[in-house]
Amino acid sequence: MTGERLVRLFRNGRNQALRIPRDLELPGDAAFLRREGNTLVVEAVALRSNLLNLLATLEPIDDEFPDVDAKLEPLDDPRL
């Protein structure tokens with residue numbers, strides 16, 4: 001089973017903690033944790049470093065990007 005799960009929060013000394021169910025375990029022994037509003041996002045370190053390693057192997061793009069705003073109407077000036 002994967003996806004959303006209800007877990008219990010508990011205290012571990014002065015820290016709040018939770019147990020990660022076996023079917024949701026992350027690889028490795030470290031993770032990145034960040035808050036997005038009321039959501040906590042846990043990201044495996046291995047996943048992020050693999051992406052960074054992949055990006056480091058790519059060649060720079062020399063093509064010029066198109067002007068995607070060229071045919072758009074100007075934005076209205078908002079009143080704050």
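The values are calculated or read from the model by the stated rules, or taken from the named source; none is laboratory data. None of the values given here were measured: they were computed from a predicted structure. Counting neighbours? That spans all protein chains shown, and the Cβs are built from the backbone with ideal geometry, glycine included.
Considering (1) surrounded by 10 or more Cβ atoms within 10 Å (Cβ to Cβ); (2) at pLDDT 90 or above; (3) part of a loop (DSSP other than H, G, I, E, B), the lone condition that residue 59 does not fulfil carries the number (1).
When residue 43 is tested against the conditions (1) surrounded by 10 or more Cβ atoms within 10 Å (Cβ to Cβ); (2) part of a loop (DSSP other than H, G, I, E, B), the lone failure is (2).
Under the condition of being assigned to a loop (DSSP other than H, G, I, E, B) and of a type in the set (D, E, K, R), which residue from region 1-12 is nearest to residue 49 (Cα to Cα)? Quick ask: steps written out before the conclusion?
Just the residues of region 1-12 that are assigned to a loop (DSSP other than H, G, I, E, B), to begin with: 1-8.
Those still in the list that are of a type in the set (D, E, K, R) too: 4-5, 8.
Working: 4: 25, 5: 27, 8: 30 Å.
Selected residue: 4.
Kindly indicate whether residue 67 is over 20 Å from residue 5 (Cβ atoms), surrounded by fewer than 10 Cβ atoms within 10 Å (Cβ to Cβ), within 20 Å of the chain's Cα centre (by Cα) and charged (D, E, K, R). Here the answer is no, as residue 67 does not meet what is asked.
Within the bounds of region 13-23, is there any residue that is part of a loop (DSSP other than H, G, I, E, B), of a type in the set (Lys, Arg) and either in contact with a strand residue (DSSP E or B) (Cβ under 9 Å, 6 or more places away or on another chain) or surrounded by 10 or more Cβ atoms within 10 Å (Cβ to Cβ) (or both)? For region 13-23, residues part of a loop (DSSP other than H, G, I, E, B), of a type in the set (Lys, Arg) and either in contact with a strand residue (DSSP E or B) (Cβ under 9 Å, 6 or more places away or on another chain) or surrounded by 10 or more Cβ atoms within 10 Å (Cβ to Cβ) (or both): present. One residue alone among 79, 48, 35 is exposed (fewer than 10 other Cβ atoms within 10 Å of the Cβ), within 17 Å of the chain's Cα centre (by Cα) and either assigned to a loop (DSSP other than H, G, I, E, B) or not acidic (Asp, Glu) (or both), and that residue is 35.
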